[in-house]
Amino acid sequence: MTRTVVVTGATGVLGNLVAKTFVGRGHNIALLDRDQNKLDSLIRDLDLPKERLYTQFIDLLNAQAVHDSAEAVLSKFGSVHALIHLVGGWTGGKTIPESNASDFESMLNQHAWTTFHLLQAFAPHIAATKWGRVMIVSMPVTVKPSAKMALYAAAKSAQESLVLTLAEEYKDSGLTANVIQVKSIDTKNEGRGTSPAEIVSAMEYLFSDEASKVNGARIPLY
């Protein structure tokens with residue numbers, strides 16, 4: 001069955017692999033990103049017919065823009081089945097007294113606010129299919145904080161709380177929402193951390209019908 005998968009942050013190493021994997025499985029793909037040049041490069045690599053692809057340069061902190069994007073994706077494909085949210089960076093290396101408010105605001109914007117806007121806009125459409133998937137990638141510092149990572153850990157904790165609460169709110173709709181946790185992503189194939197391929201394999205399982213009872217989980221890949 002062909003489904004529609006929304007991917008944010010698809011221009012990174014992990015996002016590229018996610019997009020190519022789900023396109024390779026025959027699904028429609030909607031790519032939302034802020035780097036137009038990298039987005040154009042990915043579009044060329046995917047080489048998809050227009051009817052299977054939706055792309056948009058977007059600021060995920062703009063709630064109205066995200067809402068309009070959800071409506072546009074729904075209008076194009078008729079349904080939305082999954083959201084894989086990969087946007088977000090890392091700020092750390094300072095104690096709480098050494099940290100500044102602007103860095104904390106940046107972390108909250110990247111992780112919590114983008115997620116809030118996306119879930120508000122897309123979750124009702126995903127749940128309407130009676131089959132849906134929401135996934136993010138996080139780190140175990142949300143459960144066991146580490147020194148000099150307070151800003152990142154707090155923002156990711158907020159993001160996880162949004163996703164795991166969504167899992168409870170929609171648990172009777174067929175929508176599942178899960179968190180894949182890694183300690184680091186081995187994007188350079190150096191043998192340290194979790195490889196993008198391992199993360200995508202976990203996503204493929206969560207996307208399957210066999211994973212319909214995996215909901216509201218923090219899945220450790222480390």
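Would you call S173 of a type in the set (S, T, N, Q) and under 18 Å from G88 (Cα atoms)?
Details: of a type in the set (S, T, N, Q): yes; under 18 Å from G88 (Cα atoms): no.
Judged against the criteria, S173 is not a match.
For the list (1) among the hydroxyl-bearing types (S, T, Y); (2) touching a Leu at 6+ places or on another chain (Cβ under 6 Å); (3) under 23 Å from S79 (Cα atoms), I need the number of the one condition that T11 fails.
Failed condition: (3).
Those residues that are under 15 Å from the mean Cα position of the chain (by Cα) and surrounded by 15 or more Cβ atoms within 10 Å (Cβ to Cβ), I need them from region 188-215; list them, please.
Passing the criteria: P196, I199, V200, A202, M203, L206, F207.
Of the residues D33, D45, which is of a type in the set (D, E) and surrounded by 15 or more Cβ atoms within 10 Å (Cβ to Cβ)? Talk me through it step by step, then tell me what you get.
Details: D45 fails: surrounded by 15 or more Cβ atoms within 10 Å (Cβ to Cβ).
Residue meeting the stated conditions: D33.
With the requirement that a residue be buried (at least 16 other Cβ atoms within 10 Å of the Cβ) and either of a type in the set (K, R) or more than 17 Å from S69 (Cβ to Cβ) (or both), what does region 118-131 give you?
A127, T129, W131
Among the numbered criteria (1) under 18 Å from G216 (Cβ atoms); (2) among the hydrophobic types (A, V, I, L, M, F, W, C); (3) surrounded by 17 or more Cβ atoms within 10 Å (Cβ to Cβ), which one does L151 miss?
(1)
With respect to the numbered conditions (1) touching a residue at least 60 places away in the same chain (Cβ under 8 Å); (2) part of a loop (DSSP other than H, G, I, E, B); (3) among the β-branched types (V, I, T), which one is the sole condition not fulfilled by T11?
Going through the list (1) touching a residue at least 60 places away in the same chain (Cβ under 8 Å); (2) part of a loop (DSSP other than H, G, I, E, B); (3) among the β-branched types (V, I, T), T11 breaks only (1).
Before we move on, is E71 closer than 18 Å to L53 by Cα, at pLDDT 95 or above, surrounded by fewer than 22 Cβ atoms within 10 Å (Cβ to Cβ) and acidic (D, E)?
Numbers: closer than 18 Å to L53 by Cα: yes; at pLDDT 95 or above: yes; surrounded by fewer than 22 Cβ atoms within 10 Å (Cβ to Cβ): yes; acidic (D, E): yes.
Considered against the rule, which asks whether it is closer than 18 Å to L53 by Cα, at pLDDT 95 or above, surrounded by fewer than 22 Cβ atoms within 10 Å (Cβ to Cβ) and acidic (D, E), E71 comes out as yes.
Scan I136, I126, I185, I219 and give me the residue that is in contact (Cβ under 8 Å) with a residue 60 or more places away in the chain, within 25 Å of K20 (Cβ to Cβ) and of a type in the set (A, V, I, L, M, F, W, C).
Numbers: I136 fails: in contact (Cβ under 8 Å) with a residue 60 or more places away in the chain; I126 fails: in contact (Cβ under 8 Å) with a residue 60 or more places away in the chain; I219 fails: in contact (Cβ under 8 Å) with a residue 60 or more places away in the chain.
Answer to the check: I185.
Report yes if K183 is of a type in the set (K, R), surrounded by 13 or more Cβ atoms within 10 Å (Cβ to Cβ), more than 17 Å from the chain's Cα centre (by Cα) and on the phi < 0 side of the Ramachandran plot, otherwise no. Even if it seems obvious, please write down each step before you answer.
Details: of a type in the set (K, R): yes; surrounded by 13 or more Cβ atoms within 10 Å (Cβ to Cβ): yes; more than 17 Å from the chain's Cα centre (by Cα): no; on the phi < 0 side of the Ramachandran plot: yes.
When the stated conditions are applied, K183 does not pass them.
The values are calculated or read from the model by the stated rules, or taken from the named source; none is laboratory data. Since we're looking at a predicted model, the values are computed, not measured. When we count neighbours, we look across all protein chains shown, and the Cβ atoms used for this are built from the backbone with ideal geometry, even at glycine.
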